[in-house]
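Take a look at the structure below.
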Amino acid sequence: MEADFLKYQAQTTPHPLAMEISHAKGSYIYDTNKKAYLDFVAGVSACPLGHNHPKVVNAIKEQLDKYMHVMVYGEYIQKPAVELTKLLAKHLPKSLEKTYLTNSGTEAIEGALKLAKRVTGRSEIIAANKAYHGNTMGAMSVMGYEERKQAFRPLLPNVKFIEFNNEAHLNQITSKTACIILETIQGGAGFIVPSNNYLQKVQKRCNEVDALLILDEIQPGIGRTGTLFGFENYNCIPDILVTGKGLGGGMPIGAFTASSKLMDLLQDNPKLGHITTFGGHPVIAASALATLQEITKSNLMKDALEKEQLLRKLLKHSLIKEIRGKGLMLALIMPSAEITNTLILKSQEEGLILFWLLFEPKAVRITPPLTISKEEITKGCEIILRILDTIQPH
């Protein structure tokens with residue numbers, strides 16, 4: 001199977017982890033050798049209810065028995081998509097009332113950027129250094145990391161970059177700016193949280209020049225930071241909200257949300273301003289609806305903050321220089337990339353799944369399912385500390 005995996009399936013790196021999966025349940029993934037791995041990554045934040053959550057699985061099975069794809073997005077009334085977008089609106093500020101469902105986070109970013117241009121009639125986009133918003137051409141254009149972009153240029157013109165959390169750069173948002181796009185918490189950069197009311201100040205500047213604020217909640221969203229969306233922690237409401245990953249409960253999804261006034265502009269002049277065949281797919285929407293219902297009805301969001309404190313309390317070691325992030329979106333900052341690599345690879349050998357971040361080589365991702373138990377957290381932390389005790393820093 002590994003030989004076929006490498007021969008026939010396109011790879012993203014020269015050295016994939018290549019664990020052969022048998023099944024997954026709760027906080028564990030099992031390989032074909034029947035070894036159990038405690039999952040501290042949750043599919044890179046995409047499985048907030050863990051693996052094979054019964055409510056999500058049942059919702060998928062029930063929808064499968066009714067119908068799957070029947071028509072391109074937006075033409076037929078399909079209950080799972082309607083109920084999902086209605087529930088999102090219920091839990092969002094009134095100005096975020098209408099949602100366009102897509103197949104992935106990066107596609108939702110594309111839609112949000114198009115909408116900002118359509119609303120403002122402007123073309124300038126401002127993004128942040130070390131930002132990551134996806135890998136399609138428009139999303140890559142607002143990626144603040146040249147090394148990952150240079151082989152694919154030319155990209156979108158008229159994109160400028162500022163430093164996240166640097167208020168002095170906000171005057172670069174002007175009457176020529178269609179939008180500024182930011183991650184509520186910078187992910188690939190190392191889980192950098194906004195400080196000193198930064199996002200509120202960005203919103204104020206946008207309002208002064210009639211630019212739009214797009215917040216990318218693809219990683220922080222769906223309960224991971226102790227609130228349904230990260231922006232709720234930072235005194236700010238975006239004009240366009242983008243989500244994905246965890247919303248699908250393990251199924252592929254993206255979404256962008258704005259006011260009806262803004263979103264309705266995609267209907268006309270031109271018609272079909274944004275279209276997709278499989279966006280809002282009924283089976284995926286059923287999975288997302290069950291996920292959102294469980295997270296909003298349960299104590300999982302409140303518990304995420306308690307679990308954060310447990311992780312911070314347990315993960316004390318001379319090689320852990322800092323723990324960044326909020327809730328169950330945490331990154332351990334190690335003294336070097338070499339130590340990060342050793343910890344992640346040895347943890348897999350010891351039955352614990354950790355992972356890297358895109359642009360910060362010294363960071364170790366900890367984004368477990370929101371459903372992880374405190375006992376499982378303790379077990380995983382013990383593995384981390386045991387491995388770190390064996391590492392001799394240079």
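The values are calculated or read from the model by the stated rules, or taken from the named source; none is laboratory data. Quick caveat, the model's predicted, so the values are computed rather than measured. Counting neighbours? That spans all protein chains shown, and the Cβs are built from the backbone with ideal geometry, glycine included.
For the stretch 64-77, check the following and say yes or no: at least one residue is at pLDDT 95 or above, closer than 24 Å to ARG224 by Cα and among the aliphatic types (A, V, I, L, M).
Looking through the stretch 64-77, none of the residues is at pLDDT 95 or above, closer than 24 Å to ARG224 by Cα and among the aliphatic types (A, V, I, L, M).
Give the residue, chosen from ILE214, ILE218, that is of a type in the set (A, V, I, L, M), touching a strand residue (DSSP E or B) at 6+ places or on another chain (Cβ under 9 Å), in contact (Cβ under 8 Å) with a residue 40 or more places away in the chain and part of a strand (DSSP E or B).
Being of a type in the set (A, V, I, L, M), touching a strand residue (DSSP E or B) at 6+ places or on another chain (Cβ under 9 Å), in contact (Cβ under 8 Å) with a residue 40 or more places away in the chain and part of a strand (DSSP E or B) holds for just one of ILE214, ILE218, which is ILE214.
Do any residues in the stretch 365-378 that are closer than 22 Å to LYS245 by Cα and not assigned by TED's automatic domain parsing to the domain that holds ALA304 have Cβ atoms under 9 Å from those of residues that are among the aliphatic types (A, V, I, L, M) and in a loop (DSSP other than H, G, I, E, B), where the two are at least six apart or on different chains, and which pairs are they?
Short answer, once both residue conditions are applied: none.
Quick one: would you say ILE387 is surrounded by 18 or more Cβ atoms within 10 Å (Cβ to Cβ), in contact with a Leu (Cβ under 9 Å, 6 or more places away or on another chain), over 21 Å from LEU305 (Cβ atoms) and not small (Gly, Ala, Ser)?
yes
Output the number of residues of the stretch 250-284 satisfying the condition of being of a type in the set (A, V, I, L, M, F, W, C) and within 13 Å of GLY105 (Cα to Cα).
As a first pass, look at the stretch 250-284 and keep what is of a type in the set (A, V, I, L, M, F, W, C): 251, 253, 255-256, 258, 262-263, 265-266, 272, 275, 278, 283-284.
Going one step further and asking which of them are within 13 Å of GLY105 (Cα to Cα), we end up with 251, 253, 255-256.
Going through the stretch 250-284 one residue at a time, the tally reaches 4.
Just give me the residues in the stretch 281-319 being of a type in the set (Gly, Ala, Ser), surrounded by 19 or more Cβ atoms within 10 Å (Cβ to Cβ) and not assigned by TED's automatic domain parsing to the domain that holds LEU87, in sequence order.
ALA304
Before we move on, is GLY226 in a loop (DSSP other than H, G, I, E, B), at pLDDT 95 or above and either touching a Phe, Trp or Tyr at 6+ places or on another chain (Cβ under 9 Å) or surrounded by fewer than 24 Cβ atoms within 10 Å (Cβ to Cβ) (or both)?
Judged against the criteria, GLY226 is a match.
Where the second residue is β-branched (Val, Ile, Thr) and surrounded by 24 or more Cβ atoms within 10 Å (Cβ to Cβ) and the first is more than 18 Å from PRO220 (Cα to Cα) and lies in the stretch 286-299, which pairs have Cβ atoms under 7 Å and are six or more apart or on separate chains?
Listed pairs, sorted by first residue: SER287/VAL56; ALA290/VAL56.
Within the set of pairs 6+ apart or on separate chains, which have a first residue in the stretch 245-269 that is closer than 19 Å to ILE295 by Cβ, a second that is of a type in the set (D, E, K, R) and buried (at least 24 other Cβ atoms within 10 Å of the Cβ), and C-beta atoms under 7 Å apart?
Once the first residue is closer than 19 Å to ILE295 by Cβ and sits in the stretch 245-269, its partners that are of a type in the set (D, E, K, R) and buried (at least 24 other Cβ atoms within 10 Å of the Cβ) give GLY246/ARG224; GLY254/GLU107.
Kindly indicate whether any position in the stretch 81-102 is more than 24 Å from LYS261 (Cβ to Cβ) and of a type outside the set (Phe, Trp, Tyr).
Of all residues in the stretch 81-102, those more than 24 Å from LYS261 (Cβ to Cβ) come to none.
No: the stretch 81-102 contains no residue that is more than 24 Å from LYS261 (Cβ to Cβ) and of a type outside the set (Phe, Trp, Tyr).
Since LEU330 meets every condition but one in (1) closer than 23 Å to LEU228 by Cβ; (2) free of Cβ contacts under 8 Å to residues at least 40 places away in the same chain, which condition does it not meet?
Just one mismatch for LEU330, condition (2).
Helices (runs of 4 or more DSSP H) wholly in the stretch 99-207 with at least 2 residues that are touching a residue at least 24 places away in the same chain (Cβ under 8 Å) - which ones? Working first, answer last.
On the way: elements: 105-120, 137-141, 146-149.
In the stretch 99-207, 105-120, 137-141 are the helices (runs of 4 or more DSSP H) which contain 2 or more residues that are touching a residue at least 24 places away in the same chain (Cβ under 8 Å).
Can you tell me how many residues within the stretch 89-105 are surrounded by fewer than 23 Cβ atoms within 10 Å (Cβ to Cβ) and among the β-branched types (Val, Ile, Thr)?
Total satisfying the criteria: 0.
Answer yes or no as to whether ALA36 is among the small types (Gly, Ala, Ser), more than 28 Å from GLU217 (Cβ to Cβ) and in contact with a helix residue (DSSP H, G or I) (Cβ under 8 Å, 6 or more places away or on another chain).
no
Do we find that PRO14 is part of a loop (DSSP other than H, G, I, E, B) and either in contact (Cβ under 8 Å) with a residue 40 or more places away in the chain or touching a helix residue (DSSP H, G or I) at 6+ places or on another chain (Cβ under 6 Å) (or both) in this structure?
Details: part of a loop (DSSP other than H, G, I, E, B): yes; either in contact (Cβ under 8 Å) with a residue 40 or more places away in the chain or touching a helix residue (DSSP H, G or I) at 6+ places or on another chain (Cβ under 6 Å) (or both): no.
So PRO14 does not fit the description; no.
Which condition does ALA178 not pass, out of (1) touching a Lys or Arg at 6+ places or on another chain (Cβ under 6 Å); (2) under 21 Å from TYR234 (Cα atoms), if it passes all the others?
Of the numbered conditions (1) touching a Lys or Arg at 6+ places or on another chain (Cβ under 6 Å); (2) under 21 Å from TYR234 (Cα atoms), the odd one out for ALA178 is (2).
Between LYS374, LYS362, LYS379, LYS326, which is out of contact with any Phe, Trp or Tyr (no Cβ under 6 Å at 6 or more places or on another chain) and loosely packed, with under 14 Cβ neighbours inside 10 Å?
On the way: LYS362 fails: loosely packed, with under 14 Cβ neighbours inside 10 Å; LYS379 fails: loosely packed, with under 14 Cβ neighbours inside 10 Å; LYS326 fails: loosely packed, with under 14 Cβ neighbours inside 10 Å.
Residue meeting the stated conditions: LYS374.
Considering every residue within the stretch 269-280, establish whether at least one is out of contact with any Cys (no Cβ under 8 Å at 6 or more places or on another chain), under 16 Å from MET68 (Cβ atoms) and crowded, with 21+ Cβ neighbours inside 10 Å.
The answer is yes, given that some residue of the stretch 269-280 is out of contact with any Cys (no Cβ under 8 Å at 6 or more places or on another chain), under 16 Å from MET68 (Cβ atoms) and crowded, with 21+ Cβ neighbours inside 10 Å.
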